[in-house]
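First up is the structure itself, then whatever we jot down about it.
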Amino acid sequence: MTTTQYWTASTTAERGEADLKEAAAALAAGGVVAFPTETVYGLGGDARSTEAVGKIFAAKGRPSDNPLIVHIADVADVESLCESAGEIERTLMRLFWPGPLTLVLPVKQGAVSPLVTAGLDTVAVRLPDHPLARDLIAAAGCPLAAPSANRSGRPSPTEARHVLEDLNGRIDGVLDGGAAGVGVESTVVRVLDGIVHVLRPGGVTAEQLQAAIGDSAEVKRNDGAEAASLVDDLAGEPAEERASQVLRQGAEAPRSPGVKYAHYAPRGEMLLVTGDPERMVAAAQRAADEARREGRRVGVLACAEHEARYRAEHVLRVGSRAEPATAARALYAALRRCDELELDYIVAEGFPEAGIGAALMNRLRKAAGGRELRV
Ligand code: TXA
Ligand code: MG
């Protein structure tokens, strides 16, 4: 058991600065500290130190074959981590950094602990769009390996209190910078042979990527989630097996090891209902009623536009359908709320998949472990 320090940069400017320094000193000394980014809170440690990175895996209970993203404070820092960045990658850095885009690049030998890359010959790099994150990295004086600061399998934390729920006593500290703005993780991409493969949809949308690179290159979604159509065929298989079957289908394509794990799941069973909005509301209500009759503790995750239409004990709002960015921001806190309410059956509405909706639906599908009812 470690004593977890709580630092906040949002009190007085002076105190904030002292807190940031203490948090940076803990990192420089090989500790692990949770910090805010624009997407979700990350659990940082010196990416060069196998000891520090080992503490990250241990605190999270994360499988060691799932590599970590390395966070830098300045675009120029990417050169110390990777061998070469091609023209498309440089364009993406110029247009989207700082921001919620992670680039997978060939790793420079010895630049980071082998634990960070899980033995791959690539490293995932990101420059976060959060001043506290960048100040912390710069003050620590090292690139920070940082996965989301949750226990493995739990929803990612969008507030410092979520970090403490999962990791109090297991990490050296948390730097509180308020609620995260984007709410879902960064988009992970790998550029190969002129194709931008989206390994994990996130804060930067496929549409934004395509617009940025123009007609010269193609953006291809490759996160295994488009394989939701396979869910019916594979129903009944454990979630991990289902995901790995989905991954095997694209054997030639680059992959993000993390996508094969069940993620973001509340403790209760979750059903995702998708399709035409009117039919969706009706079907979600029927599913909630049925579970209720079976004596289960039921909650509905609904958009602001529909929440008043449900008859259920717990109706939790997940942003607005008209503004999917608000739903992305609210999703993980809502999933955590389901656990606080000890719900054992959760019916979640689907959202349109355009723009940030792709990342939102990717996370909802994972939270539902593949249980999707299309109406
Ligand atoms: O927004 C984010 O990206 C947050 C904040 C804290 O920055 N971080 C985050 O880290 O989501 P994590 O560890 O939860 O997710 C990292 C993802 C995983 O899906 C992992 O498999 C993938 O990035 N990844 C890391 N290194 C990779 C590599 N070399 N090749 C392919 N995928 C990689
Ligand atoms: Mg994560």
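Of the residues in the stretch 135-173, how many are in contact with a strand residue (DSSP E or B) (Cβ under 6 Å, 6 or more places away or on another chain) and more than 16 Å from ligand 2 (Cβ to nearest atom)?
Summing the residues that are in contact with a strand residue (DSSP E or B) (Cβ under 6 Å, 6 or more places away or on another chain) and more than 16 Å from ligand 2 (Cβ to nearest atom) in the stretch 135-173 gives 7.
In the stretch 230-240, is there at least one residue being within 16 Å of ligand 2 (Cβ to nearest atom) and either at pLDDT 95 or above or under 19 Å from the mean Cα position of the chain (by Cα) (or both)?
Checking the stretch 230-240: at least one residue is within 16 Å of ligand 2 (Cβ to nearest atom) and either at pLDDT 95 or above or under 19 Å from the mean Cα position of the chain (by Cα) (or both).
Checking the condition among the hydrophobic types (A, V, I, L, M, F, W, C), over 20 Å from THR39 (Cα atoms) and free of Cβ contacts under 8 Å to residues at least 40 places away in the same chain, which residue from ALA312, ALA327 passes?
ALA312
May I ask you to say which residue of ALA73, ALA58, ALA85 is farther than 24 Å from GLN208 by Cα and of a type in the set (A, V, I, L, M)?
After ruling out the rest, the residue left standing is ALA58.
Identify the residue in the stretch 178-204 that is small (Gly, Ala, Ser) and open to solvent by 20 Å² or more (accessible area, probe 1.4 Å) and, among all such residues, is modelled with the lowest pLDDT.
Across the stretch 178-204, the extreme among qualifying residues is GLY194.
If I ask for residues that are farther than 18 Å from PRO157 by Cβ and either in contact with a strand residue (DSSP E or B) (Cβ under 9 Å, 6 or more places away or on another chain) or within 15 Å of ligand 2 (Cβ to nearest atom) (or both), which ones from the stretch 50-69 would you list?
The answer is GLU51, ALA52, VAL53, GLY54, PRO63, SER64, ASP65, PRO67.
Just the residues that are within 16 Å of ligand 2 (Cβ to nearest atom) and more than 15 Å from the chain's Cα centre (by Cα), please, taken from the stretch 98-114.
Correct list: VAL104 only.
Quick check: anything in the stretch 86-96 within 25 Å of THR2 (Cβ to Cβ) and either open to solvent by 10 Å² or more (accessible area, probe 1.4 Å) or in contact with a His (Cβ under 7 Å, 6 or more places away or on another chain) (or both)?
No, that holds for no residue.
Condition first: free of Cβ contacts under 8 Å to residues at least 60 places away in the same chain, within 24 Å of GLU22 (Cβ to Cβ) and open to solvent by 30 Å² or more (accessible area, probe 1.4 Å). Now tell me which residues in the stretch 99-149 satisfy that.
Answer for the stretch 99-149, where residues must be free of Cβ contacts under 8 Å to residues at least 60 places away in the same chain, within 24 Å of GLU22 (Cβ to Cβ) and open to solvent by 30 Å² or more (accessible area, probe 1.4 Å): just PRO131.
Pick from the stretch 152-164 the residues that are surrounded by fewer than 23 Cβ atoms within 10 Å (Cβ to Cβ) and within 12 Å of ligand 1 (Cβ to nearest atom): which of them is modelled with the lowest pLDDT?
GLY153
Sort out which residues of the stretch 20-46 are away from ligand 1 (no atom under 14 Å from the Cβ) and open to solvent by 10 Å² or more (accessible area, probe 1.4 Å), and write them in order of number.
LEU20, LYS21, GLU22, ALA25, ALA26, ALA28, ALA29, GLY30, ASP46
Let me spell it out: the conditions are (1) in a loop (DSSP other than H, G, I, E, B); (2) surrounded by 15 or more Cβ atoms within 10 Å (Cβ to Cβ), and SER64 meets all of them except one. Which number is the exception?
(2)
Condition first: open to solvent by 40 Å² or more (accessible area, probe 1.4 Å) and acidic (Asp, Glu). Now tell me which residues in the stretch 165-177 satisfy that.
GLU165, ASP172
Is it the case that the stretch 178-188 has a residue that's over 29 Å from ASP339 (Cα atoms), away from ligand 2 (no atom under 13 Å from the Cβ) and not basic (Lys, Arg)?
no
Picking from VAL318, VAL347, which residue would you name as being more than 23 Å from GLU38 (Cβ to Cβ) and open to solvent by less than 10 Å² (accessible area, probe 1.4 Å)?
VAL347
Could you check the stretch 205-221 and list, in sequence order, the residues that are modelled with pLDDT under 90 and farther than 16 Å from GLY357 by Cα?
Listed by number, the residues that qualify are ASP215, SER216, ALA217.
The values are calculated or read from the model by the stated rules, or taken from the named source; none is laboratory data. Values in this document were obtained by computation on a predicted structure and should not be read as measured data. Backbone-built Cβ (ideal geometry, glycine too); neighbour counts: all protein chains shown. Just the protein is used for accessible areas: all its heavy atoms, side chains included, with ligands, DNA and RNA removed. Shrake-Rupley method; radii C 1.70, N 1.55, O 1.52, S 1.80 Å.
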